[in-house]
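The values are calculated or read from the model by the stated rules, or taken from the named source; none is laboratory data. Just so it is clear, the model here is predicted, and its values are computed rather than measured. Because the Cβ atoms are built from the backbone with ideal geometry, glycine has one as well, and the counts that use them run over all protein chains shown.
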Amino acid sequence: MQFLDDSLLPETQEKLVITVAPYGPEWHPDDFPEDIPLTMEEHIQKAVDCYNAGATVLHLHVREEDGTGSKHLSKFNELIAGVRARVPDMIIQVGGSISFSPESEEEGAEAKWLSDEVRHMLADLKPAPDQVTIAVNTTQMNIMDLMSDADYGATSLANPALYQAYREMVVPAGPHWVEEHLRRLTASGIQPHFQLTCMPDLETVERLVRRGLYKGPLNLTWVGIGGGFDGPNPNNFMEFIRRAPDGSTVTLETLMRHVLPVNVMAMCLGQHVRCGIEDTLYDQHGDKMTSVQGIEQIVRVARELGREIATAKEARDIYRIGVQYNSVEETLARNGMTPNRQPGQRALPVRYAA
Amino acid sequence: MIVPSNPSWYEEHIRRLSAAGIQSAFQCYNINSFETVERLMRRGIYKGPLVMNWVALGGGMDQANIYNLANFVRAAPDGAVLTVESSLRNVLPVNMIGIAMGLHVRCGTEDCLWNQSRTAKMSSVAQIEQLVRLSQEFGRPIATARQAREISKIGVFYDTVEESLHANGFAPNRNGGNQGFLLKAA
């Protein structure tokens with residue numbers, strides 16, 4: 001993305017899209033019983049509360065009433081329908097990661113992923129969500145790397161088996177799966193939201209677009225949680241933002257007490273933010289902070305900056321929900337990317353303003 | 001293809017290599033590989049010279065472009081020894097950039113089978129000779145094997161985290177207070 005002289009001024013920036021991740025599938029309900037919903041009605045009410053606080057994108061996972069992550073497609077369908085009925089404009093973004101927890105009873109199974117075929121079933125959710133998140137490239141996802149004792153010591157992640165499982169966790173997202181998953185999601189009219197861990201992931205997305213394997217808007221989340229992903233270092237996300245196409249959207253995501261400073265920087269830079277207990281249980285002072293409190297904090301800071309908060313309808317326009325393109329050329333142009341080189345063409349193909 | 005390299009494996013592997021007096025040459029395929037190596041050193045799991053390759057093959061690793069390389073070089077501490085590595089016909093331009101930047105180079109048929117116009121195969125020796133010619137154009141002398149051992153500090157290990165950070169040009173670990181992830185127990 002280019003930054004012009006006035007790019008830090010709020011009136012030149014898109015209104016702020018706030019994504020909330022309030023279901024926290026890595027936590028046990030006892031880790032934050034006041035804020036972790038168990039019943040379906042509690043799940044739905046949590047979405048409504050977050051929407052009312054200012055969140056326009058709901059990052060969705062589901063729990064069974066016994067507190068375990070739900071592996072039932074029907075529960076996802078039920079939650080999506082329930083949220084749609086209460087807050088119809090809210091963008092529903094199903095977490096494509098460990099949404100379906102495994103059948104295994106072995107210890108640490110929480111951090112294992114389901115088979116490719118089962119993960120493709122996210123394209124069959126009914127009603128269809130607006131977005132499903134997709135990882136690109138198989139990557140180490142050691143979520144414990146940057147967590148200090150103060151972060152996880154008093155939680156279920158201190159269980160040694162669980163700690164080890166999350167420390168060794170790998171996100172499976174090889175080329176075959178990614179290409180097939182994009183095909184199925186787009187065939188179902190579901191927008192993929194790219195969860196990218198580093199520059200090679202962004203480069204792979206660009207290749208997918210240039211090869212015609214994805215023809216749609218580029219909504220990108222930079223996930224800077226260390227442990228095989230980029231660390232929450234401003235040099236990393238500035239490089240990511242610099243390389244993101246002008247027509248894409250970038251949301252910054254990190255974990256624990258890195259969340260607030262990274263979100264504040266995102267807001268200053270005209271990018272978008274994500275908060276909620278999936279990302280951090282604590283505020284900067286080490287006190288528990290609910291997802292709604294996290295949203296309220298973002299809204300306060302955004303107001304100080306003069307950055308307006310997008311309504312859900314505005315967020316749908318910013319994300320271009322429901323939009324797909326007919327050709328590689330159109331996809332490149334709409335996302336602000338330089339055209340593909342024609343056979344024999346030398347130097348860079350020139351990009352024309354829309 | 002996936003490179004299996006989980007925390008439990010690489011920590012144990014580094015321990016065994018170091019115990020056997022073998023230097024770990026870190027193959028970094030992007031900035032977060034480097035960041036993990038930095039954490040390993042700050043946590044005392046590796047105490048030795050920081051000798052790295054920037055491996056830019058695409059396909060999940062960095063694309064061979066100057067932004068990725070510059071970002072990597074900026075992150076590397078001043079005491080690190082950095083070799084550039086890429087694949088096929090990216091090898092020559094990336095190596096020329098590396099030579100010009102004062103970094104080190106890698107060539108051979110594992111990386112590239114072809115000459116730059118792809119009119120013929122190019123042997124490993126022919127690739128070395130090409131880099132020697134180019135480096136001489138730059139006025140950059142070629143290290144002898146003995147000099148290369150000194151540059152890479154072969155056989156050198158450090159006793160403490162502090163010494164290791166200092167010798168590689170890293171900022172020291174923060175003292176006192178909440179040390180955060182920097183000093184997390186292994």
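Odds and ends about this structure:
- Criterion violated by A:D230 - all others in (1) touching a Cys at 6+ places or on another chain (Cβ under 7 Å); (2) under 23 Å from A:L58 (Cβ atoms) satisfied: (2)
- Condition check for B:A100: more than 22 Å from A:E206 (Cβ to Cβ) and in contact with a helix residue (DSSP H, G or I) (Cβ under 7 Å, 6 or more places away or on another chain): yes
- Scope segment A:220-231; condition in contact (Cβ under 8 Å) with a residue 60 or more places away in the chain and either within 12 Å of chain B (Cβ to nearest Cβ) or assigned to a loop (DSSP other than H, G, I, E, B) (or both); matching residues: A:I225, A:G226, A:G227, A:G228, A:F229, A:G231
- Pair list, Cβ < 7 Å and 6+ apart or interchain, from segment A:10-25 residues that are at positive phi to residues that are at pLDDT 95 or above: A:G24/A:I36; A:G24/A:I277; A:G24/A:E278
- Within segment B:70-86, the set of residues being more than 14 Å from chain A (Cβ to nearest Cβ), of a type outside the set (S, T, Y) and crowded, with 18+ Cβ neighbours inside 10 Å comprises B:A80, B:V81, B:L82, B:V84, B:E85.
- Condition broken by B:A171, with the remaining ones in (1) in contact with a Pro (Cβ under 7 Å, 6 or more places away or on another chain); (2) in a loop (DSSP other than H, G, I, E, B) satisfied: (1)
- Given (1) of a type in the set (D, E, K, R); (2) part of a strand (DSSP E or B); (3) at pLDDT below 95, number of the condition A:R351 does not satisfy: (2)
- A:R207 without any contact (Cβ under 8 Å) to a residue 12 or more places away in the chain and farther than 22 Å from A:I92 by Cβ: yes
- Of the listed requirements (1) out of contact with any strand residue (DSSP E or B) (no Cβ under 8 Å at 6 or more places or on another chain); (2) farther than 30 Å from B:R74 by Cα, A:M289 misses just one: (1).
- Restricting segment A:152-190 to residues that are over 26 Å from A:P129 (Cβ atoms) and surrounded by fewer than 17 Cβ atoms within 10 Å (Cβ to Cβ) leaves a set whose member that is nearest to the other protein chains (Cβ to nearest Cβ) is A:Q164.
- Options B:Q63, B:Q27; residue that is in contact (Cβ under 8 Å) with a residue 24 or more places away in the chain and either away from chain A (no Cβ under 12 Å) or not β-branched (V, I, T) (or both): B:Q27
Conditions (1) within 12 Å of chain A (Cβ to nearest Cβ); (2) under 28 Å from A:E203 (Cα atoms), marked per residue:
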| residue | (1), (2) |
| --- | --- |
| B:V3 | yes, yes |
| B:S18 | no, no |
| B:G21 | no, no |
| B:E35 | yes, yes |
| B:G58 | yes, yes |
| B:N68 | yes, yes |
| B:L88 | no, yes |
| B:L92 | no, yes |
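- Conditions (1) at the interface with chain B (Cβ under 9 Å from one of its Cβ atoms); (2) surrounded by fewer than 23 Cβ atoms within 10 Å (Cβ to Cβ); (3) not aliphatic (A, V, I, L, M): number failed by A:Q140: (2)
- Within the option set A:N235, A:N263, being touching a helix residue (DSSP H, G or I) at 6+ places or on another chain (Cβ under 9 Å), over 22 Å from A:V171 (Cβ atoms), within 14 Å of chain B (Cβ to nearest Cβ) and not in a strand (DSSP E or B) holds for one residue only, A:N235.
- Looking only at segment B:52-69, and only at residues there that are among the small types (G, A, S) and buried (at least 17 other Cβ atoms within 10 Å of the Cβ), the one that is nearest to the chain's Cα centre (by Cα): B:A56
- Residue-level check: of (1) in contact (Cβ under 8 Å) with a residue 60 or more places away in the chain; (2) on the phi > 0 side of the Ramachandran plot, A:G67 misses just (1).
- Apart from one condition, B:Y46 fits all of (1) within 14 Å of another protein chain (Cβ to nearest Cβ); (2) at pLDDT 95 or above; (3) surrounded by 22 or more Cβ atoms within 10 Å (Cβ to Cβ); (4) in contact with a Ser or Thr (Cβ under 9 Å, 6 or more places away or on another chain); the exception is (1).
- All told, B:T119 meets the bar of being at negative phi, part of a loop (DSSP other than H, G, I, E, B) and among the β-branched types (V, I, T).
- The C-beta contact set for segment A:261-290 (first residue under 16 Å from A:T221 (Cβ atoms), second residue assigned to a loop (DSSP other than H, G, I, E, B) and of a type in the set (K, R), distance under 9 angstrom, 6+ apart or interchain) comprises A:M267/A:R307; A:G270/A:R307.
- Check on A:P217, away from chain B (no Cβ under 14 Å), farther than 28 Å from B:E35 by Cα and either of a type in the set (D, E) or assigned to a loop (DSSP other than H, G, I, E, B) (or both): yes
- Considering residues of segment B:147-186 that are modelled with pLDDT under 90 and of a type in the set (S, T, N, Q) only, the residue farthest from A:I225 (Cα to Cα): B:N175
- A:D201 meets each of the listed conditions (1) at the interface with another protein chain (Cβ under 9 Å from one of its Cβ atoms); (2) buried (at least 22 other Cβ atoms within 10 Å of the Cβ); (3) out of contact with any Ser or Thr (no Cβ under 9 Å at 6 or more places or on another chain) apart from (3).
- Those residues of segment A:310-341 which are touching a residue at least 40 places away in the same chain (Cβ under 8 Å), of a type in the set (D, E) and over 16 Å from A:S248 (Cβ atoms), in sequence order: A:E314
Per-residue answers, yes or no, for (1) under 30 Å from A:H120 (Cα atoms); (2) in contact with a strand residue (DSSP E or B) (Cβ under 7 Å, 6 or more places away or on another chain); (3) not hydrophobic (A, V, I, L, M, F, W, C):
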residue: A:I225; (1), (2), (3): yes, no, no
residue: A:G231; (1), (2), (3): yes, no, yes
residue: A:F237; (1), (2), (3): yes, yes, no
residue: A:T251; (1), (2), (3): yes, yes, yes
residue: A:A266; (1), (2), (3): no, yes, no
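- Residues located in segment B:143-162, provided they are part of a helix (DSSP H, G or I), over 17 Å from the mean Cα position of the chain (by Cα) and not aliphatic (A, V, I, L, M): B:R146, B:Q147, B:E162
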